[in-house]
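Heads up: the structure comes next, in C-alpha cells.
The values are calculated or read from the model by the stated rules, or taken from the named source; none is laboratory data. Values in this document were obtained by computation on a predicted structure and should not be read as measured data. We place every Cβ from the backbone using ideal geometry, glycine too, and count neighbours over all the protein chains shown. Side chains included, ligands, DNA and RNA excluded: accessible areas come from the protein's heavy atoms. Shrake-Rupley method; radii C 1.70, N 1.55, O 1.52, S 1.80 Å.
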Amino acid sequence: MKQSLWHQLQSLMGTLFPPSYRWPATDIRLGDRLFHLAGSIHMGTRDMQPLPAGLLRQLHRADALIVEADITQGSSPFSESERQPPLSTRLESEALARLDALCETLSLSRALFDTLPFWQIALMLQAHQAQRLGLRPQYGIDYQLLMAAKAADKTIVELEGPDTQIALLKSLPQDGLPLLLDTLEHWHTNARLLQTMIGWWLDSPPKQQPVALPSTFSGELNDRLMRQRNLLWRDRLAAMPKGRYVVAVGALHLYGEDDLPTLLKSLRHA
C-alpha cells in the first residue's frame, strides 16, 4: 500500500512539475515503470551528433531501450519487392505528371520507380527529400541511441520490428497509393515539417501540448500509421515489467491527436 501511495505521489509531482528537457521528450510513470519518451527523427543532420549528454544519462540509468525497430539490423523496405506493371498503366495522368515533375527536380528517372509498388516509391521519394535537406541515417536519433545502448550492453526492445513495419506498408490499401499521393501533394509541407523537427533537437522542443502541426496524411492513413500504432504501443509499454525505460519513437507520435503520451496517461484512470 505504501509503495502504491508513493507511486501516486510521484505521478502527482510529475504532473504538477514536469521535467523540462532541451530535446523533444516527456516522462510518463505507470506504477513502478518510468518511461522517458524521446521524439526521434529517423534521419538527422551532422550537428545532431553526439546525442545530448542528458539523454545519454537517461539511457545509462535505464533498464532497456525501447524502439520502433532495431534499424541496425533486419530487413530493408528498399530490398526485394514484387514487380508491378508500368506506372503509366497504374497512375492517373495528373499524378503521373506530378511525379515526373518531382523526378525532374530531384534529377531522378521515372524508370527507377516504374515497376515498384506505390508505398515503396513514396518511401524512396521521402528518403531523397531528407537527403536533400542534409539528413543522413547515421545521424538519426534512434540509430544513435541503438548504437549507444549496444555499446553499454543494454537490453533493446522492439515495439514492432522491421518485418512488421514492412508488412504494415504492404497491407496499405491499393498497394500504398494513398501514401504516394499524399507524398506528392504535401511535398513542401513535409519538408517544412522535417525542418521543424530538426529544430526541436537543435534549438528547443515544443513547450506544451497541443502542438499545431500540418497534416501530411489523409484520414485513413493517419489512422493506420499513427493512431492504431500508438494504441498498440501503449499496450506494449503497459505490459512492460518494473523498471526504467528510454522509449524512442518518431517525434510525431508524441504530439497531436491520440498521441502516445496522452494514451499512456489515460491508463492511470482506467
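Determine the order of K154, K242 by accessible area, beginning with the largest, at a probe radius of 1.4 Å.
The ordering from most to least exposed comes out as K242, K154.
Ranked from the most accessible area to the least, with a 1.4 Å probe and all protein chains present, what is the order of H186, H253?
H186, H253
Could you give the angle, 0 to 90 degrees to the nearest 10, between helix 187-202's Cα long axis and the longest principal axis of the Cα atoms of the chain?
Tilt relative to the chain: about 30 degrees.
If each of A167 and R83 carries a label point 7 Å out from its Cα toward its Cβ, how far apart are those two points in nm?
2.8
Between 0 and 90 degrees, rounded to the nearest ten: what's the tilt of helix 141-151 against the longest Cα principal axis of the chain?
Approximately 60 degrees, to the nearest 10.
For a quick check: with amide H placed at 1.01 Å from N, whose amide H comes under 5 Å from V247's, ignoring anything fewer than 5 positions away on the same chain?
Answer set, sorted by chain and number: H36, L37, A38, I66.
Using the beta-carbon distance between A151 and L231 and R0 = 25 Å, what value does 1/(1 + (r/R0)^6) give for FRET efficiency, to the nearest 0.05?
0.15
Connecting C-alpha atoms closer than 10 Å in a GNM of the chain, tell me which of S107, S81, S218 has the biggest fluctuation.
S107
What does the helix-only formula give at 222 nm for the chain: each DSSP H stretch with n ≥ 4 adding -39500 (n - 2.57), the total divided by the residues, and the result rounded to the nearest 500 deg cm²/dmol? Don't skip to the answer; put the middle values down first.
Values: 12 runs with 123 residues, N = 270.
It comes out at -13500 deg cm²/dmol, rounded to the nearest 500.
Using R₀ = 25 Å, calculate the FRET efficiency as 1/(1 + (r/R₀)^6) where r is the Cβ-Cβ separation of R98 and Q195; round to 0.05.
Working: r = 22 Å, r/R0 = 0.88.
The value I calculate is 0.70.
Could you tell me the calculated FRET efficiency between H60 and E257, based on Cβ-Cβ distance and R0 = 30 angstrom, to the nearest 0.05?
Working: r = 34 Å, r/R0 = 1.12.
That gives a FRET efficiency of 0.35.
Could you do me a favour and compute the accessible area per residue for the chain, 1.4 Å probe, result in Å²?
52
With all protein chains present, how much of the accessible area of region 171-270 (probe radius 1.4 Å) comes from carbon and sulfur, to the nearest whole percent? It would help to have the intermediate numbers written out before the result.
Numbers: 2610 of 5030 Å².
It is 52 percent, rounded to a whole number.
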